[in-house]
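Trainee: Next up is a structure, given as structure tokens.
The values are calculated or read from the model by the stated rules, or taken from the named source; none is laboratory data. In this text the structure is predicted, and so the values were computed from the model without any measurement. Every residue, glycine as well, gets a Cβ built from its backbone with ideal geometry; the counts of neighbours run over all protein chains shown.
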């Protein structure tokens, strides 16, 4: 029997209707699956495929405790407690719990915040520790959430604050090591691209999953010894109190390696509370960022240059009249009365400016500071000793200072006569200390560094060894200058030092310039020196200053040097010379 | 389902069969039509689909376990970091200096060396 649909029958109409519906389905599906394919795939991906950042941990910063690295800057996970006021319940319990657990981290106006029902996000407490967060979570408060974040922690408080710097709220290192080594400390965030379920749990299904692990930042070990740093800060604080100075800095470094053991600056701040600092100048490490006229401490470099060039010896003599004429200017000694024929050693002992101008003249034709003399001085001061240029120490905010070249119109004989005793130039403490180290360590200039090594993730300590950058003077010259500075210190201050050790140095009192003119009522006191046995084991530079304060190197800076120096002898367990 | 072998033997010469040609054939008595074939194929696809789903579900369950372990590791690492911070705070110079033990100590005298 052959079935045929009758024209106009209900069956035929139904068949036609089914066919039309099928056709609509086919067309619609073709539109959705073929024409709109890419759009819906991207829609699905945006819902299902998540790109999660795996945050890299910022590298830790260690200091030394003797030879052992100890943590100086660490990371801590803290939480921000927030509320969704639209869904919170039992607000009195929320307020009680948060006040009781978070304490000072809780906002004062909790009730007002929870009353803002139109808001979906109100911060109730910040920087809550993990333990505190767990206690709050245990109360199962409805509408309360937690946001995790990492912050820097400074277990040693303000120790070496200007050397460390801080990390701002955007996670960028500022000042000090944090600023200079930001890229190394930052690490590299990882990436996790994966299909997730509704709870954002990553699933292994899918063929486009990517897992790129984060690379944590380097764990840097500083050459700063926390014990030396602490004592330097303590001695400096005591010195400032004694002298009435308001600002001071102490630098301790190893002259045989260029490694810096301590950098103390006062006043200081707590890096954990950098946002509470009102005076931004506190962030600056004045040892590297505040150029000044160093004064008589530079005489050690002038003498080194003269001996190295063979124009003087420690026993060379000249006729001191307390005054010396250079072009149209008369330069006088700060200390008068040592007139007559005296040695360069004597001039150094008494810090006589005329003696240094004489050395500068002898670098020329013997009576004037010729262009040749100035070229020589510039070559030694700038090119060899590194004054007036960046040292390259791994700290943010270093200033270069300035040493005027003889090529410059201002680089005349008068300026170079002033430069011979430390005026007419702007240099930083770290430049002076590095230069001084090179003249008492045998004549080798080391780039100053605060890096002692890197602590690998597996705990292996990779120590950095330093090499001299250049030879600046001969061993013979170095030995002579080292002895001259020992004699210069010993001439007046030998009794303050521990017996049996080689301690030498030079003081300096610098005039300051206000509105382009030297002022008499404001001077800066400095002292740079070394200590050790047969070889120098440390170089210490001290500077004290203050607004409208007349501070002197010998009276105000030297006692701080002595304090730290005597402590260093005990700390380094140096045995006196037989 | 059973099979009945049909042994119809004929000599090679009679049949003119070639060398190495099978001389015995087993022919099933059960005949599967196109519908049965379709059903069987559909069943096989269904079974394969089920196997795939089972495996995918099992893999997903491992994902949850893995996620749970990852969370535990992260939590333990956080606790470890917190303990390290606490340890560093407790052994910090200021903490040690201000400790009751340190307050009881006398100031260290200078080291003296004996000359031989």
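Trainee: Give the range A:447-475 a look and list any residue that's closer than 19 Å to residue A:67 by Cβ and either part of a loop (DSSP other than H, G, I, E, B) or touching a helix residue (DSSP H, G or I) at 6+ places or on another chain (Cβ under 7 Å) (or both), or say none. I'd like the intermediate steps shown before the answer.
Mentor: Just the residues of the range A:447-475 that are closer than 19 Å to residue A:67 by Cβ, to begin with: A:449-456, A:459-466.
Result: A:450, A:456, A:459, A:460, A:464, A:465, A:466.
Trainee: Just checking, which of B:101, B:47 is surrounded by fewer than 10 Cβ atoms within 10 Å (Cβ to Cβ), in a helix (DSSP H, G or I) and away from chain A (no Cβ under 13 Å)? Working first, answer last.
Mentor: On the way: B:47 fails: surrounded by fewer than 10 Cβ atoms within 10 Å (Cβ to Cβ).
B:101 is the lone residue from the list that is surrounded by fewer than 10 Cβ atoms within 10 Å (Cβ to Cβ), in a helix (DSSP H, G or I) and away from chain A (no Cβ under 13 Å).
Condition check ((1) within 12 Å of chain A (Cβ to nearest Cβ); (2) closer than 26 Å to residue A:199 by Cβ; (3) loosely packed, with under 10 Cβ neighbours inside 10 Å; (4) more than 14 Å from the chain's Cα centre (by Cα)) across all residues:
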{"residue": "B:29", "(1), (2), (3), (4)": "no, no, yes, yes"}
{"residue": "B:32", "(1), (2), (3), (4)": "no, no, no, yes"}
{"residue": "B:35", "(1), (2), (3), (4)": "no, no, yes, yes"}
{"residue": "B:56", "(1), (2), (3), (4)": "yes, yes, no, no"}
{"residue": "B:72", "(1), (2), (3), (4)": "no, yes, no, yes"}
{"residue": "B:78", "(1), (2), (3), (4)": "yes, yes, no, yes"}
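Trainee: Could you check, for the range A:495-502, whether at least one of its residues is assigned to a strand (DSSP E or B) and more than 14 Å from chain B (Cβ to nearest Cβ)? Don't jump to the end; show me each part of the working.
Mentor: The first filter runs over the range A:495-502 and keeps only residues assigned to a strand (DSSP E or B), leaving A:502.
Applying the additional criterion that residues be more than 14 Å from chain B (Cβ to nearest Cβ) yields A:502.
Within the range A:495-502, one or more residues are assigned to a strand (DSSP E or B) and more than 14 Å from chain B (Cβ to nearest Cβ).
Trainee: Can you find even one residue in the range A:234-247 that is in a helix (DSSP H, G or I), within 30 Å of residue A:471 (Cα to Cα) and in contact (Cβ under 8 Å) with a residue 12 or more places away in the chain? Walk me through how you get there before you give the answer.
Mentor: Taking the range A:234-247 and keeping what is in a helix (DSSP H, G or I), we get A:234-243.
Right, trim to within 30 Å of residue A:471 (Cα to Cα) and you get none.
No, because not a single residue in the range A:234-247 is in a helix (DSSP H, G or I), within 30 Å of residue A:471 (Cα to Cα) and in contact (Cβ under 8 Å) with a residue 12 or more places away in the chain.
Trainee: Something else about it: Does the range A:130-146 contain any residue that is within 30 Å of residue B:94 (Cβ to Cβ), within 14 Å of chain B (Cβ to nearest Cβ), free of Cβ contacts under 8 Å to residues at least 12 places away in the same chain and touching a helix residue (DSSP H, G or I) at 6+ places or on another chain (Cβ under 9 Å)?
Mentor: yes
Trainee: Here are some conditions: (1) more than 14 Å from chain B (Cβ to nearest Cβ); (2) touching a helix residue (DSSP H, G or I) at 6+ places or on another chain (Cβ under 7 Å); (3) touching a residue at least 24 places away in the same chain (Cβ under 8 Å). Residue A:193 meets all but one. Which one does it not meet?
Mentor: Going through the list (1) more than 14 Å from chain B (Cβ to nearest Cβ); (2) touching a helix residue (DSSP H, G or I) at 6+ places or on another chain (Cβ under 7 Å); (3) touching a residue at least 24 places away in the same chain (Cβ under 8 Å), residue A:193 breaks only (2).
Trainee: Follow-up. Report those strands (runs of 3 or more DSSP E) wholly inside the range A:43-157 carrying at least 3 residues which are touching a strand residue (DSSP E or B) at 6+ places or on another chain (Cβ under 7 Å) and modelled with pLDDT of 90 or more.
Mentor: Because the criterion is at least 3 residues that are touching a strand residue (DSSP E or B) at 6+ places or on another chain (Cβ under 7 Å) and modelled with pLDDT of 90 or more, the strands (runs of 3 or more DSSP E) in the range A:43-157 that meet it are A:61-65, A:68-83, A:122-128, A:144-153.
Trainee: Hey, another quick one. Can you tell me which residue is surrounded by the most Cβ atoms within 10 Å (Cβ to Cβ) among those in the range A:198-217 that are within 10 Å of chain B (Cβ to nearest Cβ) and part of a loop (DSSP other than H, G, I, E, B)?
Mentor: Keep residues of the range A:198-217 that are within 10 Å of chain B (Cβ to nearest Cβ), which gives A:199-205.
Okay, now just the ones that are also part of a loop (DSSP other than H, G, I, E, B), so A:199-201, A:204-205.
Working: A:199: 7, A:200: 10, A:201: 18, A:204: 13, A:205: 13.
In this case the residue turns out to be A:201.
Trainee: Quick check, is residue B:95 farther than 17 Å from residue A:72 by Cα, surrounded by 10 or more Cβ atoms within 10 Å (Cβ to Cβ) and within 9 Å of another protein chain (Cβ to nearest Cβ)?
Mentor: On the way: farther than 17 Å from residue A:72 by Cα: no; surrounded by 10 or more Cβ atoms within 10 Å (Cβ to Cβ): yes; within 9 Å of another protein chain (Cβ to nearest Cβ): yes.
Taking the combined requirement at face value, the residue does not satisfy it.
Trainee: A further question follows. Collect the residues in the range A:544-577 that are within 14 Å of chain B (Cβ to nearest Cβ), assigned to a loop (DSSP other than H, G, I, E, B) and under 24 Å from the mean Cα position of the chain (by Cα), keeping them in residue-number order. Outline the logic, then answer.
Mentor: Restricting attention to the range A:544-577, the residues satisfying the condition of being within 14 Å of chain B (Cβ to nearest Cβ) are A:562-563, A:565-577.
Then drop every residue that is not assigned to a loop (DSSP other than H, G, I, E, B), which leaves A:572-577.
Within the range A:544-577, none qualify.
Trainee: Being surrounded by fewer than 23 Cβ atoms within 10 Å (Cβ to Cβ) and either part of a strand (DSSP E or B) or touching a strand residue (DSSP E or B) at 6+ places or on another chain (Cβ under 9 Å) (or both) is the filter here, so list the residues in the range A:510-521 that pass it. I'd like the intermediate steps shown before the answer.
Mentor: In the first step, residues of the range A:510-521 are kept if they are surrounded by fewer than 23 Cβ atoms within 10 Å (Cβ to Cβ); the result is A:511-521.
Correct list: A:511, A:512, A:513, A:514, A:517, A:518, A:519, A:520, A:521.
Trainee: Any chance you could count how many residues in the range A:362-390 are surrounded by fewer than 24 Cβ atoms within 10 Å (Cβ to Cβ) and out of contact with any strand residue (DSSP E or B) (no Cβ under 6 Å at 6 or more places or on another chain)?
Mentor: Taking the range A:362-390 first, the residues surrounded by fewer than 24 Cβ atoms within 10 Å (Cβ to Cβ) are A:362, A:364-368, A:370-372, A:375-376, A:378-380, A:382-384, A:388-390.
Those still in the list that are out of contact with any strand residue (DSSP E or B) (no Cβ under 6 Å at 6 or more places or on another chain) too: A:362, A:364-368, A:370-372, A:375-376, A:378-380, A:382-384, A:389-390.
So the count comes out to 19.
Trainee: Right, another one. Search the range A:45-61 for residues that are over 22 Å from residue A:220 (Cβ atoms) and pair each with any residue that is at pLDDT below 90 and buried (at least 18 other Cβ atoms within 10 Å of the Cβ) when their beta-carbon atoms are under 6 Å apart and the residues are at least 6 apart or on different chains.
Mentor: These pairs meet every condition: A:48/A:195; A:49/A:195; A:50/A:196.
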